[in-house]
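Presented below is the structure to which this report refers.
Here, each number is a calculation from the coordinates, and none is a lab measurement. Predicted model, so just to flag it, every value in this text is computed and none were measured. Don't worry about glycine lacking a Cβ; one is built from the backbone with ideal geometry, like all the others, and counts go over all protein chains shown.
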Amino acid sequence: MFVAVMEAGSFAKAAARLRTSPGQASKLVSRLEADLGVRLLNRTTRALAATEAGLAYFERIRGLLAEFDAVEDAVRNVSGAPTGRLRVTAPVSFGAAQLAPALVDFARQFPKIGLELSFSDRVVNLVDEGFDVAIRIGSPSDSSLVARRLCEARIVVCASQDYLRAHPAPQVPADLALHSCIIDTNFREPDAWAFRNPDGGDTLIRVGGRLRFSNAEVALIAAEAGLGIARAPSFIAGPRFRADRLMPLLRDFEASPLAVYALYPPGRYLAQKVRVFVDFLAARFRDGPEWDKGW
């Protein structure tokens, strides 16, 4: 309970996480302080802060509890089906378009694992926020996590046939200066689109347009309506290409793809539920993602 309070920042949130009442949460932490003979938390009506001893205890005990849980999970599941609750965080667009169907199949295959999927484009802290696995696109920024490469995500430029009938299709990336581009602000540099040079290196082209969205799906909806040229991951655009709702552009200049990773905290004992989940995704995408086929 003390670890949960430290991670959640309040007794109420910790109690909800561990399915008990705030009063019981406070009572358990007070009992721990009495057993240790030291105050771990300074409490006021408005704030909650760890003491120096509390911070030191938290850093040591959190790692020990995580290892204990992993050992217990490994022993419990050594001869049986994987069990337990699996918390996964994934980017909004990739999670809804591609991960959700995979999770449906995973849930059928492993009925004793409870799944909790959180869609967020924010880079969450797995340990602090209690997640088991994160799906990330692009090079992982946290070197303390184990990264398993799953597949590639291509970044493509596209427009509708209606738009291309009214405007000449760009032949080289520099031609985008003559077009209205639909900007997805989720990209790290939304106004600078990356393309591959003839010599093999990548270059950035500055683009402009009156439409800006923080969601790739919405950007592609605007492109389908003939409002401009959009840039999006192929895991969203691919099905639209196959249905002839959008046309890929500048394919000879397509930038280097990004990698899709499954990230999880390191540990001597990897929980079986995590292992089977990551193995399942790796097998699903092993032969290349379906979204890049047929166009």
Residue-span extension gain [Ala102 to Asp244] - 0.36 nm each, minus C-alpha spacing: 48.6 nm
Among 283-294, 25-36, the order from most to least packed when residues are scored by Cβ within 10 Å on average: 25-36, 283-294
Student exercise, the stretch 249-288 dipole from Lys, Arg, Asp, Glu Cβ charges, in Debye to nearest 20: 340 debye
The stretch 5-158: radius of gyration and largest Cα-Cα distance (Dmax), Å: 19.1, 65
Per-residue ³J(HN,Hα) for the stretch 155-160, Karplus 6.51 cos²θ - 1.76 cosθ + 1.60, θ = phi - 60°, Hz, x for Gly and Pro: 10, 10, 10, 7, 7, 7
For the stretch 33-73, Kirkwood radius (reciprocal of mean inverse C-alpha pair distance, Å): 11.6 Å
Cβ-derived FRET efficiency at R0 30 Å, Asp191 paired with Asp128, nearest 0.05: 0.40
Length-normalised contact order for the stretch 189-253 - Cα pairs under 8 Å, 6+ apart - percent: 24 percent
Theoretical FRET efficiency, 1/(1+(r/R0)^6), r = Cβ-Cβ of Ala49 and Ser120, R0 35 Å, to 0.05: 0.80
Dipole magnitude (debye, nearest 20) for the chain, charges at Cβ of Lys, Arg, Asp, Glu: 780 debye
Under 5 Å, built H, 5+ apart or other chain: amide partners of Leu150: Val260, Tyr261, Ala262
Ala225 paired with Ala283, simple spin-label distance in nm, labels 7 Å along Cα-to-beta-carbon: 4.3 nm
Using θ = phi - 60° and Karplus 6.51 cos²θ - 1.76 cosθ + 1.60, couplings along the stretch 53-68 (whole Hz; Gly, Pro as x): 5, x, 5, 5, 5, 4, 4, 6, 6, 5, x, 5, 5, 4, 5, 4
Zone of Ala166's modelled label, taken as backbone nitrogen in the stretch 174-211 under 12 Å from a point 7 Å along Cα→Cβ: 180
Share of alpha-carbon pairs per 5 Å distance bin for the chain, given as whole %: 1, 5, 10, 13, 13, 12, 11, 9, 8, 7, 5, 4, 2, 1, 0, 0
Radius of gyration and Dmax over the Cα atoms of the stretch 93-175, both given in Å: 18.7, 55
For q = 0.29, 0.34 Å⁻¹, Debye-computed log10 I/I(0) when each Cα of the stretch 1-42 counts as one equal scatterer: -0.97, -1.17
Amide H partners (placed H, <5 Å) of Leu86, local residues excluded: Gly114, Leu115, Glu116
Set of lysines with alpha-carbon distance to Lys13 below 30 Å, sequence-local pairs under 8 removed: Lys27, Lys112, Lys273
Helix 272-284 vs. the chain, principal-axis angle (Cα, 0 to 90°, nearest 10): 10 degrees
For the chain, with +1 on Lys and Arg beta carbons and -1 on Asp and Glu, the positive-most of Phe119, Leu250, Leu41 along the dipole: Leu41
Cβ crowding within 10 Å averaged over residues, with 253-261, 225-233 ranked highest first: 225-233, 253-261
Calculated [θ] (222 nm, deg cm²/dmol) that DSSP helices of n ≥ 4 give over the chain, each run adding -39,500 (n - 2.57): -10500 deg cm²/dmol
Scaled radius of gyration (Cα, divided by 2.2 N^0.38 Å) that the stretch 134-238 gives: 1.17
Rg(Cα) / (2.2 N^0.38 Å) computed for the stretch 222-293, rounded to two decimals: 1.53
Length-normalised contact order of the chain in % [C-alpha pairs under 8 Å, at least 6 apart]: 22 percent
